[in-house]
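What follows is a short report on a single structure.
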Amino acid sequence: MELSLLLSQLFNGIATGMLYVLMAMGLTIIMGTMGVVNFSHGVLFAFGAYFAYLIAEKTGFFGALLLAPVVVGLIGMVLERALVARVYGKDPLYGLLLTFGLAMALEEVIRIGWGTAGLPFSAPGFLSSFIDLKIMFYPAYRLAVLGFILLLIAALWFFLERTTTGKIVRAGIQDSVMVGILGVNTKALFTGVFGLGTFLAGLAGVLSAPMSGIMPTMGDNVIMPSFIVIILGGVGSFWGSVTGGLMLGIIVSLCIQFVPAVAELSMYLVMALVLLVRPRGLFGEEGLFE
Amino acid sequence: MKEGKGTQVSRRNFLKLSGATAAGAAGLLTGGLSGLTAGPREVFAKEELKVGILDPYSGPYADSGREQTNGALIAVDEFNRKGGAAGMLVTTFQEDTATNPGQAVQKGKKLIDEVGVKYIVGEVSSAVGLALSGLCQEKKVIYMSVGCHSDDITVGDKAHRYTFRPTCSNTMLARATASYIADKFGKKWYFITSDYSWGHTGRDAFKKVLAAKGGKVVGEDLTPLGTTDYSSYLLKVRNAKPDVVIVSLYGNDLVSCIKQFNQFGMRKEMQIGGPLNGLEMARVIGKDNNCGYWGMPWDITVDTKGSRTFTANYKAKYGKLPSWRAFLGYIGMHQLLSGIDRAKSPDPKKVIVALEGHSFDGLKANKSYWRDWDHQCIQDTYCGRAKSGAEVKDPDDLFEIVAMKKGVEVAHTRAENPVKLEAL
């Protein structure tokens with residue numbers, strides 16, 4: 001076993017895990033604030049990719065990267081106002097059923113709009129080369145995605161920690177009823193949070209499109225790992241999502257290298273283990289699942 | 001999809017459906033009405049021939065499923081235009097299997113028990129095809145396993161008397177493709193294999209050819225169906241430094257893997273190939289990433305009169321060129337209907353007898369025929385090279401056939417296949 005291969009897998013695990021971090025952050029702020037388990041997050045991820053395809057024809061990749069997530073965020077806000085808002089405060093099962101149904105319906109919308117076949121989509125030319133990392137040659141695009149998501153995490157952190165709006169969002173995750181009592185317009189807060197969460201899903205979709213291709217089912221394959229990430233990290237926890245995403249990426253990568261037979265199972269095993277030892281997740285607050 | 005929604009409502013069908021009762025009273029009186037091309041006598045004479053089409057319209061193989069169904073409907077049109085099969089107009093009932101054996105069997109039972117179909121045509125996934133094959137044998141319903149390539153469909157104890165396979169087996173594809181790859185690009189191979197029946201038999205068929213040529217397996221991995229990120233697997237492959245990576249993946253899985261193979265710059269380091277690739281995937285892979293050597297049951301570049309006609313008819317109806325999935329759907333449905341025609345009866349037993357041993361124009365250079373002892377369609381089998389970059393002249397100009405083997409050269413021999421089909 002060469003050290004360079006081990007390091008390559010470790011690095012690749014971090015890079016692939018970053019996409020889950022992005023997905024999990026959106027899920028976790030929605031779940032933390034409104035208590036809704038958003039199963040339509042996966043299909044909104046796919047929407048991000050499809051809108052990127054549409055927009056990129058006019059503006060190129062970077063226009064799509066900028067605009068497509070905004071469109072998805074707006075769709076998210078409309079969905080929140082029209083449908084999701086109706087299940088707040090009800091049994092979590094209602095939210096689950098609603099967003100699950102929404103996911104299936106929206107996937108059909110993709111099939112009707114763009115067909116069942118996948119669509120070709122490539123990274124911009126200058127990012128389709130490789131960079132010598134000494135341990136291996138790594139696709140420039142994947143490195144760029146890694147760097148971009150790191151920057152985004154920093155920006156999100158700044159927003160949540162240092163701005164007033166961010167503080168309200170965090171307070172909402174802690175106790176949205178109290179935030180309402182204190183005079184904050186929770187209706188607007190919830191819509192905004194749902195929009196931010198779905199914006200992140202759309203962004204993850206755009207970033208993933210050049211790597212894995214665009215297809216109607218692309219959301220199905222990321223939704224489960226994303227839920228596992230927030231269960232690992234703890235619902236509502238910012239650093240929990242980051243840690244959980246990285247853990248998942250690294251564990252799956254290393255399993256593929258050393259024990260490929262359990263690669264698919266490994267994430268579920270880790271989740272079961274964490275739930276046994278610490279049901280609230282590594283960084284979770286007491287109360288949500290306890 | 002609702003029952004009968006896929007029904008091809010030709011003018012005659014429309015007459016039959018909407019006018020049957022009215023025609024009963026009025027038919028005799030208006031017998032001479034000149035506007036009706038199908039005379040009232042024909043309206044009375046035509047019976048309905050119900051054929052079930054089971055293909056995946058959702059899930060990872062949705063696109064292939066749609067193409068197969070489209071191809072099958074071309075054959076239905078062809079028969080209905082000349083008055084149907086054995087004098088009966090063909091009505092199709094389409095259901096979505098979603099590449100799920102459980103769902104497929106449930107839909108199959110519905111078609112057989114509730115709609116009353118005696119024939120089922122379709123399916124992409126061999127795992128689903130094997131489940132349908134078992135069901136149809138039990139229900140005494142003919143099953144045209146249109147696009148299932150796992151050897152098991154016609155080899156060994158899972159093969160059935162009521163099941164026919166219009167496409168090549170994995171072994172046929174591997175023998176046509178693997179020897180070409182081994183001779184040209186080297187004999188150190190790494191295997192990435194989709195973890196189910198089709199993937200396994202594809203890999204095994206390639207391994208057999210490799211062993212016979214004295215080659216070496218330098219590594220292998222099984223990947224779950226629906227995998228989207230192959231980067232960790234590709235890092236392993238690169239580290240093993242094979243001459244060729246043999247990819248037994250299909251549909252979205254194959255698209256993701258080949259895209260990432262390109263992204264990691266591995267195209268300069270090794271060759272890629274496998275049992276199957278085709279237009280509907282290559283279009284998504286994109287011309288810049290399109291690469292490798294692949295088994296193909298057919299291609300639009302097969303230059304025969306039959307192929308040209310089929311391609312033109314398909315283009316006229318759907319506005320795009322057919323993939324080999326569409327070809328298989330056409331052949332499967334066409335063979336079933338012409339079998340019914342020759343048997344002059346809708347009785348599945350008689351149709352089976354009419355099909356067994358029958359030789360026909362399978363739109364290829366050499367004649368195709370149904371082997372009576374395993375129900376494998378013996379036919380020309382191709383190795384295609386995926387074109388890329390500047391050599392791609394139009395969006396569908398994505399493959400070039402580089403090798404062709406006659407069916408008998410590549411199919412299992414009787415000694416290799418211990419099958420014993422049930423008595424009728």
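The values are calculated or read from the model by the stated rules, or taken from the named source; none is laboratory data. Note that the structure is a prediction, hence the values are computed from the model and not measured. Positions of Cβ are generated from backbone atoms using ideal geometry, with glycine treated the same way; all protein chains shown enter the neighbour counts.
Every test in (1) at pLDDT below 95; (2) part of a loop (DSSP other than H, G, I, E, B) is passed by residue B:291 save one, and that test is (1). Condition test on residue A:126, is it of a type outside the set (Asp, Glu), under 21 Å from the mean Cα position of the chain (by Cα) and surrounded by fewer than 18 Cβ atoms within 10 Å (Cβ to Cβ)? So residue A:126 does not fit the description; no.
On the basis of being more than 10 Å from chain B (Cβ to nearest Cβ), in contact with a helix residue (DSSP H, G or I) (Cβ under 8 Å, 6 or more places away or on another chain) and part of a helix (DSSP H, G or I), does residue A:232 make the cut? Yes; evaluated as a whole, the condition is true for this residue. When the stretch B:98-114 is limited to residues that are out of contact with any Lys or Arg (no Cβ under 6 Å at 6 or more places or on another chain) and among the β-branched types (Val, Ile, Thr), the one that is modelled with the highest pLDDT turns out to be B:105.
State which residue is farthest from residue B:332 (Cα to Cα) when the search covers only the stretch B:348-382 and only residues that are among the aliphatic types (A, V, I, L, M) and in contact (Cβ under 8 Å) with a residue 24 or more places away in the chain. Let's see the steps before the verdict.
Taking the stretch B:348-382 first, the residues among the aliphatic types (A, V, I, L, M) are B:351-355, B:363, B:365, B:378.
This time we only want the ones that are in contact (Cβ under 8 Å) with a residue 24 or more places away in the chain, so: B:351-353, B:355, B:363, B:365, B:378.
Details: B:351: 14, B:352: 14, B:353: 16, B:355: 12, B:363: 12, B:365: 18, B:378: 13 Å.
Per the stated criteria, the residue is B:365.
Each row is one residue, and each column tells you yes or no for (1) acidic (Asp, Glu); (2) touching a residue at least 24 places away in the same chain (Cβ under 8 Å); (3) under 20 Å from residue B:383 (Cβ atoms).
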position: B:167; (1), (2), (3): no, yes, yes
position: B:178; (1), (2), (3): no, yes, yes
position: B:181; (1), (2), (3): no, yes, yes
position: B:192; (1), (2), (3): no, yes, yes
position: B:208; (1), (2), (3): no, yes, yes
position: B:212; (1), (2), (3): no, no, yes
position: B:218; (1), (2), (3): no, yes, no
position: B:231; (1), (2), (3): no, yes, no
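In the stretch A:172-191, how many residues are touching a residue at least 12 places away in the same chain (Cβ under 8 Å) and more than 30 Å from residue A:16 (Cβ to Cβ)? Break it down stepwise before answering.
As a first pass, look at the stretch A:172-191 and keep what is touching a residue at least 12 places away in the same chain (Cβ under 8 Å): A:172-174, A:176, A:184, A:186-187, A:189-191.
Keeping just the survivors that are more than 30 Å from residue A:16 (Cβ to Cβ) gives A:172, A:174, A:176, A:184, A:186-187, A:189-191.
Of the residues in that region, 9 qualify.
Among the residues of the stretch B:169-182, is any in contact with a helix residue (DSSP H, G or I) (Cβ under 9 Å, 6 or more places away or on another chain) and outside any helix (DSSP H, G or I)? Yes - at least one qualifying residue is present in the stretch B:169-182. Checking each residue in the stretch A:108-152 for being within 8 Å of chain B (Cβ to nearest Cβ) and assigned to a helix (DSSP H, G or I) picks out A:111, A:141, A:142. Each residue in the stretch B:61-85 was checked for being surrounded by 22 or more Cβ atoms within 10 Å (Cβ to Cβ), assigned to a loop (DSSP other than H, G, I, E, B) and more than 14 Å from chain A (Cβ to nearest Cβ), and 1 pass. Pairs linking a residue in the stretch B:247-266 that is at the interface with chain A (Cβ under 7 Å from one of its Cβ atoms) and under 21 Å from residue B:174 (Cα atoms) to a residue that is buried (at least 24 other Cβ atoms within 10 Å of the Cβ) and among the β-branched types (Val, Ile, Thr), with Cβ atoms under 8 Å and 6 or more positions apart or on different chains, are B:255/B:284; B:255/B:285.
Scanning the stretch B:396-415 for residues that are part of a loop (DSSP other than H, G, I, E, B) and in contact (Cβ under 8 Å) with a residue 40 or more places away in the chain turns up B:396, B:398, B:406, B:411, B:412, B:414.
From the list B:212, B:178, the one residue that fits, being farther than 25 Å from residue B:59 by Cβ, crowded, with 19+ Cβ neighbours inside 10 Å and not charged (D, E, K, R), is B:178.
From the list A:144, A:155, A:140, which residue is closer than 25 Å to residue A:30 by Cβ and aliphatic (A, V, I, L, M)? Sole residue among the options that is closer than 25 Å to residue A:30 by Cβ and aliphatic (A, V, I, L, M): A:155. Restricting the stretch B:193-239 to residues that are among the basic types (Lys, Arg) and within 9 Å of chain A (Cβ to nearest Cβ), which is farthest from residue B:262 (Cα to Cα)? The residue in question is B:236. Of all the listed residues (B:364, B:350, B:393), the sole one being at pLDDT 95 or above, out of contact with any Leu (no Cβ under 9 Å at 6 or more places or on another chain) and either more than 20 Å from residue B:305 (Cα to Cα) or part of a strand (DSSP E or B) (or both) is B:350.
Which of the residues belonging to the stretch B:86-110 are in a helix (DSSP H, G or I) and of a type in the set (Val, Ile, Thr)?
First, the residues of the stretch B:86-110 that are in a helix (DSSP H, G or I): B:101-110.
Correct list: B:105 only.
Just one of the listed residues (A:190, A:258) is aromatic (Phe, Trp, Tyr) and surrounded by fewer than 17 Cβ atoms within 10 Å (Cβ to Cβ), and it is A:258.
Scanning the stretch A:23-57 for residues that are in a helix (DSSP H, G or I) and surrounded by fewer than 24 Cβ atoms within 10 Å (Cβ to Cβ), which turns out nearest to the chain's Cα centre (by Cα)? Give the steps one after another, and end with the answer.
Our first condition is that a residue be in a helix (DSSP H, G or I); within the stretch A:23-57, this holds for A:23-34, A:41-57.
Next, only the ones that are surrounded by fewer than 24 Cβ atoms within 10 Å (Cβ to Cβ) stay: A:31, A:51, A:53-57.
Details: A:31: 12, A:51: 17, A:53: 19, A:54: 21, A:55: 21, A:56: 22, A:57: 25 Å.
Going through the qualifying residues, I end up with A:31.
With respect to the stated conditions, residue B:361 is of a type in the set (Asp, Glu), touching a helix residue (DSSP H, G or I) at 6+ places or on another chain (Cβ under 8 Å) and assigned by TED's automatic domain parsing to the domain that holds residue B:50. Being part of a helix (DSSP H, G or I) and touching a residue at least 12 places away in the same chain (Cβ under 8 Å): is that true of residue B:161 here? For residue B:161, the condition - part of a helix (DSSP H, G or I) and touching a residue at least 12 places away in the same chain (Cβ under 8 Å) - is not met. Residue B:316 meets the stated requirement of being more than 19 Å from residue B:381 (Cβ to Cβ), modelled with pLDDT of 95 or more, among the aliphatic types (A, V, I, L, M) and surrounded by fewer than 19 Cβ atoms within 10 Å (Cβ to Cβ). For the residues A:103, A:171, A:140, the requirement of being surrounded by 13 or more Cβ atoms within 10 Å (Cβ to Cβ), in contact with a strand residue (DSSP E or B) (Cβ under 8 Å, 6 or more places away or on another chain), among the aliphatic types (A, V, I, L, M) and under 29 Å from residue A:243 (Cα atoms) singles out A:140.
I'd like to check something: does the stretch A:194-214 contain any residue that is within 14 Å of another protein chain (Cβ to nearest Cβ), crowded, with 21+ Cβ neighbours inside 10 Å and of a type in the set (S, T, N, Q)? Spell out the reasoning first.
To start, the set of residues in the stretch A:194-214 that are within 14 Å of another protein chain (Cβ to nearest Cβ) comprises A:204-205, A:207-214.
Filter once more, so that each one left must be crowded, with 21+ Cβ neighbours inside 10 Å: A:204-205, A:207-214.
Among the residues that remain, those that are also of a type in the set (S, T, N, Q) are: A:208, A:212.
For the stretch A:194-214, residues within 14 Å of another protein chain (Cβ to nearest Cβ), crowded, with 21+ Cβ neighbours inside 10 Å and of a type in the set (S, T, N, Q): present.
Of the residues in the stretch A:1-59, how many are in contact with a strand residue (DSSP E or B) (Cβ under 9 Å, 6 or more places away or on another chain) and within 14 Å of another protein chain (Cβ to nearest Cβ)? So that I can check it myself, show each step before the final result.
Going residue by residue through the stretch A:1-59, those that are in contact with a strand residue (DSSP E or B) (Cβ under 9 Å, 6 or more places away or on another chain) are A:8, A:11-12, A:15, A:46, A:49-50, A:52-53.
Now narrow it down to the ones that are within 14 Å of another protein chain (Cβ to nearest Cβ): A:8, A:11-12, A:15, A:46, A:49-50, A:53.
Looking only at that region, the number is 8.
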